[in-house]
Amino acid sequence: MLKTEELQINIGPQHPSTHGVFRMIVTVDGETITDLKPVFGYLHRNHEQIAEQNTYLQNMPYTDRLDYFNSMANNQAYAMAVEQLVGIEVPERAEYLRVMMVELTRILNHAGALGFLINDMGMWQTQLAFGMREREKILDLFESASGARLMCNYFRFGGVVRDLPPDFIPRLKELLQAMPAFVDELERLLRENEILMQRAEGIGILPRDLALAYSVSGPVLRGSGIPYDVRKAEPYSVYDRFDFDVPVGTVGDVYDRFLVRIEEMRQSRRILQQVIEQLPDAQGGHINPKARQNVRPPVGDVYARIESPKGELGFYLVSDGSGKPYRYKVRAPSFINLTPLGDMCRGYKVADVVVILGSIDIVMGEVDR
Amino acid sequence: MIGQLLKGLRTTFGYIFTQPVTVQYPEVKRPVRERFRGRHELKRFADGKERCIGCSLCAAACPADAILVVPAENTPDHQVSYGERYAATYEINMLRCIFCGYCEDACPTNAIVLEHQYELSFYDRRDSIYTKEMLLVPEDQGHGDAPPILTQLERRPSPPAQIDL
């Protein structure tokens, strides 16, 4: 009988598969993982402390840089928090524009995330290039509306900074028309794919009770079979007017998370079509003209949350009555979804670590803040 | 076996004959959209006078603290801009700037505008500080007439309210 000895290996922080500067201390017995300790903090840049030294409006471009894939979603969560704190009303049209932008963000995030996941499995660039091709079209829409592709800074308190350019809606319709073909192609290439099935099915299982205990959210939670979506559980903005489904997985493995993301892209498209239908009837302009941007909220605190593409994104703000937040706290979905990584990896092989990590879909800018 | 290979290669061959979506960047440049926020420019009025009145509102609005404005008084024989003051020093640190566009929003005279130039590389960190000479447009490229509030010299131009120009 061969004697095996436990060995500690170090993955990261500089590693192409860790999606940023993220370090894992993995204890292995042969090829099998017996323990995994995530170490983060390499990208810590004092986001919350900086925010407490800025005015409320000045923090808006900083929230772009939390999860730089989904700057629009971050903007919405922060704008909602401040609006609740001050008591600013948002016109109906502005709410529709916000929903439109965030749902586009969800599509581009999942297109990118799936591409990176497949890349992590060693299938190289094809699917990633497909995802990036679609993402580029959405980024171009963002650029025409907000002036930037990634760091959009499009939202203001009480609405959005500018109304849509005239050619936006026709281009969006064109994009939505072409989207099912892309999603179907992506699914056709991957769903029955031997490499994906081998690497994803039954790997990285997160059981229901463990998912609840770790308070994960987003596609990771829904992949474990819990139909929880903030858009349904606590409808914010105008989400109660749209008809969409919340896809759930069954087992909670990497494959389920992959399927949930594919289906979420289709559901986002459904929401976007309803937005386009209902937008002309919406009342009000793109911003509430009475809303002051240089806000001084009354003393109090607020927690506002949205369903960002990665999970539940919340902002907790405490105001002491001055023009700067007294306390500014981000509930970052990437960070909280990352905590069960050790339990998800235990018992699997070393090569599965990067796949499981990729299936959580993290952005280190949000994990470390 | 061969059938499977051909099935897989069908996708590959299908893409050979489609137009590529990528552009050959340094030779071919992708045009930016009208609202694109790139390198700043300091604008002038149609008669060549500088629009900037040295009020430092852009510096106050800047979340990254990238702008430095040192104002100086206009004198009758050295009238750089309309109003009482002009910016003697106007510097933007491009390493700090996050291109959020708040300076543009804050400017009462529409003097600072984020334009479409996005290739901002330099070899030295000191070159990241763009001075007024680099940011200011040439004298013949001004536009618009100065509003009455700025041309009436006995009236104080401050407090600088947002003027629709």
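Coordinate-derived values only; no laboratory data. Note that the structure is a prediction, hence the values are computed from the model and not measured. When we count neighbours, we look across all protein chains shown, and the Cβ atoms used for this are built from the backbone with ideal geometry, even at glycine.
See the values below:
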{"quantity": "For A:Gly300, residues with placed amide H under 5 Å, excluding near neighbours", "calculated": "A:Ser319, A:Gly321"}
{"quantity": "Peptide-level mean, for A:56-62, of C-beta atoms on other protein chains within 10 Å", "calculated": "4"}
{"quantity": "For the stretch B:4-10, 3J(HN,Hα) per residue [Karplus equation, 6.51 cos²θ - 1.76 cosθ + 1.60, θ = phi - 60°, Hz, x = Gly/Pro]", "calculated": "4, 4, 5, 4, x, 6, 4"}
{"quantity": "Cβ charges +1 (Lys, Arg) and -1 (Asp, Glu), total dipole of the stretch B:1-103, debye", "calculated": "860"}
{"quantity": "Above-threshold pairs, the threshold being 20 Å between Cα atoms, out of B:Lys49/B:Lys132; A:Lys324/B:Lys132; A:Lys173/B:Lys7", "calculated": "A:Lys324/B:Lys132; A:Lys173/B:Lys7"}
{"quantity": "The stretch A:80-163 - percent relative contact order, Cα under 8 Å, separation 6 or more", "calculated": "34"}
{"quantity": "Stokes-Einstein diffusion coefficient of chain B, Kirkwood radius over Cα pairs, 25 °C, 0.890 mPa s, in µm²/s", "calculated": "131"}
{"quantity": "Cα pair count fraction exceeding 36 Å, expressed as % - the protein assembly as shown", "calculated": "40"}
{"quantity": "Length-normalised contact order of chain A in % [C-alpha pairs under 8 Å, at least 6 apart]", "calculated": "27"}
{"quantity": "Per-residue mean of C-beta atoms belonging to partner chains within 10 Å, peptide A:145-151", "calculated": "5"}
{"quantity": "Dipole magnitude (debye, nearest 20) for chain A, charges at Cβ of Lys, Arg, Asp, Glu", "calculated": "900"}
{"quantity": "Using θ = phi - 60° and Karplus 6.51 cos²θ - 1.76 cosθ + 1.60, couplings along the stretch A:251-261 (whole Hz; Gly, Pro as x)", "calculated": "9, x, 9, 4, 5, 5, 4, 4, 5, 4, 5"}
{"quantity": "Other protein chain Cβ atoms within 10 Å, averaged over every residue that makes up B:95-105", "calculated": "4"}
{"quantity": "5 angstrom amide H check on A:Arg327, placed H, neighbours 5+ away", "calculated": "A:Val318"}
{"quantity": "Across chain B: Cys residues that no other cysteine approaches within a C-beta distance under 4.7 Å", "calculated": "B:Cys52, B:Cys55, B:Cys62, B:Cys97, B:Cys100, B:Cys107"}
{"quantity": "Amide proton proximity set for B:Arg85, modelled H, under 5 Å, gap of 5+", "calculated": "B:Asn74"}
{"quantity": "Fewest-first sequence of A:Glu366, A:Glu6 by Cβ atoms within 10 Å of each Cβ", "calculated": "A:Glu6, A:Glu366"}
